[in-house]
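Shown next, in structure tokens, is the structure this report addresses.
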Amino acid sequence: MTILSAEREIERLLSLHPKGFDLSLDRITRLLDQLGNPHRKLPPVIHVAGTNGKGSATAFARAALEAAGRIVHVHTSPHLVNWHERYRIGEEGGGRLVEDAVLADAVARVAAANGGEPITVFEILTAVMFVLFSEDPADAAIVEVGLGGRFDATNVIERPAASLIMPISLDHEAYLGDRVELIAAEKAGIIKRGCPVVIGQQEFDAAREMLVDTAERLDCPVLIYGEDFLAFEENGRMIYQDNDGLFDLPLPRLAGRHQIANAAAAIAAVKAAGFPVSLRTAEAAMEKVVWPGRLQRLPPGPLADLAPEGAEVWLDGGHNPGAGEAIAEALAGEEDRSPRPLFLIAGMINTKDQTGYFRAFEGMARHVYTVPVEASDAGVPNAELAARAMEAGLSAEPVHSVANALKLLRDTLDRGRDGTEPPPRILICGSLYLIGSVLAENGTPPR
């Protein structure tokens, strides 16, 4: 009997079907019908869209529900190292990434049901999520969209317990439009008539207005950050407030001031979905939340060992100007607490606004090393990326790899150190593909 491997099954599909996105619900609807419509057999779903903060909000919502003793399925995309990261199967005491044999079997079953019809791999993998989540009992499911919302393959969910829309900014313009209100209209596609909607903190008034107008037009109960709920830092604590009262909480375990607003949106969404959130539950969520690759400290490992002695090495896969601003603000906070020279090691793909991303670090980063993104066919050549960083006013040079950049930093700083300057703060950034490669090379994939 052949032993199935999820990786092998998915690679076979990638060789048969087109990569990327082809936004439509026709193919996924047909496939799910062949599978017995598993998407209609899920527990209450919190459906999450937005440009930035989707994954963090998903992680906070999961932490809050699990702290309350709930069994929670979680779907996120993309993965960092292994496909299994996309599917967390709920269990008592906390979920686990899907087992390889279970995922391989589900992929094979879904592919067989598709019968060779034209489809994208993302649609097959979304159908796999619905199959997996329908076959294991749970109290809730948190489902993050892949791209956009209106025509994203996850948007066959008919009656979400709550739709959560996180901050919207420019990204994926080729698919979603080149103005924030157009992108907001696509994200607003997950809003379903009469179903609760939570709107996270929005930088752009045009995006917020589009989301509110859509929710009101569809007669949805709507909660808006800054009006119906909010959060802020006070005396080293996070204060969350909504119409039910106030929580005085520890700061979120995830680094960065932007995580306070992300945590608030998650709490509001969990409550809007019908799950009570107590002070104890919210406290536990702030302390236990985990979200790899987003302002994460690089764990000890072979790659981390190459950094200068005493250096802080951070990872973040944010890749658009809005994410760059949030990351830069978070690192400015770290600088206030513990001053260190900041260096970037950056790799990006060609669908992103590279100069816009780097602009957030002007005046902060001492130097940028640009590296290829080997894990993506769309990686920007490192010399070209260095030019984009220089357009943003940064000092930059291309190097061959993250390992090469870390060694260069170590050698350069060791030669020039006079004992008065602290070890550096290093941010490896610009692409989730790059972060996944770093975690794999370091031997520390998400668990």
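Could you check how many residues of the range 88-108 are in contact (Cβ under 8 Å) with a residue 60 or more places away in the chain, surrounded by fewer than 23 Cβ atoms within 10 Å (Cβ to Cβ) and either assigned by TED's automatic domain parsing to the domain that holds residue 436 or assigned to a helix (DSSP H, G or I) (or both)?
5
Is there a residue in the range 275-290 that is more than 15 Å from residue 200 (Cβ to Cβ), in contact with a Pro (Cβ under 9 Å, 6 or more places away or on another chain), of a type in the set (D, E, K, R) and at pLDDT below 95?
Among the residues of the range 275-290, not one is more than 15 Å from residue 200 (Cβ to Cβ), in contact with a Pro (Cβ under 9 Å, 6 or more places away or on another chain), of a type in the set (D, E, K, R) and at pLDDT below 95, which makes the answer no.
Kindly evaluate residue 186 against the criterion of being in the same structural domain as residue 37 (by TED's automatic domain parsing), touching a residue at least 12 places away in the same chain (Cβ under 8 Å), outside any loop (DSSP other than H, G, I, E, B) and surrounded by fewer than 22 Cβ atoms within 10 Å (Cβ to Cβ).
No.
So for the range 158-174 (the condition being among the basic types (Lys, Arg) and more than 24 Å from residue 76 (Cβ to Cβ)), does at least one residue qualify?
no
Would you be able to tell me the number of residues in the range 231-257 that are among the polar types (S, T, N, Q) and either closer than 23 Å to residue 295 by Cβ or outside the structural domain of residue 268 (by TED's automatic domain parsing) (or both)?
Count: 1.
When the range 1-25 is examined, which residues are found to be modelled with pLDDT of 85 or more and within 28 Å of residue 157 (Cα to Cα)?
6, 7, 9, 10, 11, 12, 13, 14, 25
Looking at 58, 126, 51, which one is assigned to a helix (DSSP H, G or I), among the polar types (S, T, N, Q) and within 17 Å of residue 293 (Cβ to Cβ)?
58
Looking at (1) assigned to a helix (DSSP H, G or I); (2) touching a helix residue (DSSP H, G or I) at 6+ places or on another chain (Cβ under 8 Å), which is the only condition residue 85 fails?
If we test residue 85 against (1) assigned to a helix (DSSP H, G or I); (2) touching a helix residue (DSSP H, G or I) at 6+ places or on another chain (Cβ under 8 Å), just (2) comes out false.
Of the conditions (1) surrounded by fewer than 17 Cβ atoms within 10 Å (Cβ to Cβ); (2) under 14 Å from residue 438 (Cβ atoms), residue 338 clears all except one; give me its number.
Going through (1) surrounded by fewer than 17 Cβ atoms within 10 Å (Cβ to Cβ); (2) under 14 Å from residue 438 (Cβ atoms) one by one, residue 338 breaks only (2).
Residues are listed down the side, and each one gets a yes or a no for (1) in contact with a helix residue (DSSP H, G or I) (Cβ under 8 Å, 6 or more places away or on another chain); (2) surrounded by fewer than 23 Cβ atoms within 10 Å (Cβ to Cβ); (3) among the acidic types (Asp, Glu):
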{"residue": "234", "(1), (2), (3)": "no, yes, yes"}
{"residue": "244", "(1), (2), (3)": "yes, yes, yes"}
{"residue": "258", "(1), (2), (3)": "yes, no, no"}
{"residue": "270", "(1), (2), (3)": "yes, no, no"}
{"residue": "278", "(1), (2), (3)": "no, yes, no"}
{"residue": "299", "(1), (2), (3)": "no, yes, no"}
{"residue": "305", "(1), (2), (3)": "no, yes, yes"}
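Scan the range 246-257 and tell me whether some residue there is touching a strand residue (DSSP E or B) at 6+ places or on another chain (Cβ under 8 Å), modelled with pLDDT under 95 and assigned to a strand (DSSP E or B).
no
Does the range 363-385 hold any residues that are of a type in the set (A, V, I, L, M) and either assigned to a strand (DSSP E or B) or more than 19 Å from residue 424 (Cβ to Cβ) (or both), and which are they?
365, 368, 373, 375, 378, 380, 383, 385
Please enumerate the residues belonging to the range 212-245 that are assigned to a helix (DSSP H, G or I) and either touching a Pro at 6+ places or on another chain (Cβ under 8 Å) or among the hydrophobic types (A, V, I, L, M, F, W, C) (or both).
Within the range 212-245, 212, 215 qualify.
Which one of the conditions (1) over 17 Å from the mean Cα position of the chain (by Cα); (2) at positive phi; (3) not charged (D, E, K, R) does residue 342 fail to meet, given that it meets all the rest?
Looking at each condition in turn, residue 342 falls short on (2).
Residue-wise test of (1) over 17 Å from residue 224 (Cα atoms); (2) among the acidic types (Asp, Glu); (3) modelled with pLDDT of 95 or more; (4) not assigned by TED's automatic domain parsing to the domain that holds residue 54.
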{"site": "150", "(1), (2), (3), (4)": "yes, no, no, no"}
{"site": "154", "(1), (2), (3), (4)": "yes, no, yes, no"}
{"site": "159", "(1), (2), (3), (4)": "yes, no, yes, no"}
{"site": "174", "(1), (2), (3), (4)": "yes, no, no, no"}
{"site": "190", "(1), (2), (3), (4)": "no, no, yes, no"}
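From the residues in the range 61-75 that are surrounded by 24 or more Cβ atoms within 10 Å (Cβ to Cβ) and either among the hydrophobic types (A, V, I, L, M, F, W, C) or over 17 Å from residue 288 (Cβ atoms) (or both), which one is nearest to the chain's Cα centre (by Cα)?
Within the range 61-75, the match that is nearest to the chain's Cα centre (by Cα) is 75.
Among the residues that make up the range 371-381, is at least one of them in contact with an Asp or Glu (Cβ under 9 Å, 6 or more places away or on another chain) and crowded, with 21+ Cβ neighbours inside 10 Å?
There is no residue in the range 371-381 that is in contact with an Asp or Glu (Cβ under 9 Å, 6 or more places away or on another chain) and crowded, with 21+ Cβ neighbours inside 10 Å.
Within the range 32-53, identify whether any single residue is surrounded by fewer than 19 Cβ atoms within 10 Å (Cβ to Cβ), under 30 Å from residue 443 (Cβ atoms), touching a residue at least 12 places away in the same chain (Cβ under 8 Å) and not acidic (Asp, Glu), and answer yes or no.
Scanning the range 32-53, I find no residue that is surrounded by fewer than 19 Cβ atoms within 10 Å (Cβ to Cβ), under 30 Å from residue 443 (Cβ atoms), touching a residue at least 12 places away in the same chain (Cβ under 8 Å) and not acidic (Asp, Glu), so the answer is no.
The values are calculated or read from the model by the stated rules, or taken from the named source; none is laboratory data. Given the structure is predicted, the values throughout are model-derived calculations rather than measurements. In this analysis, Cβ positions are derived from the backbone assuming ideal geometry, glycine residues included, and neighbour counts consider all displayed protein chains.
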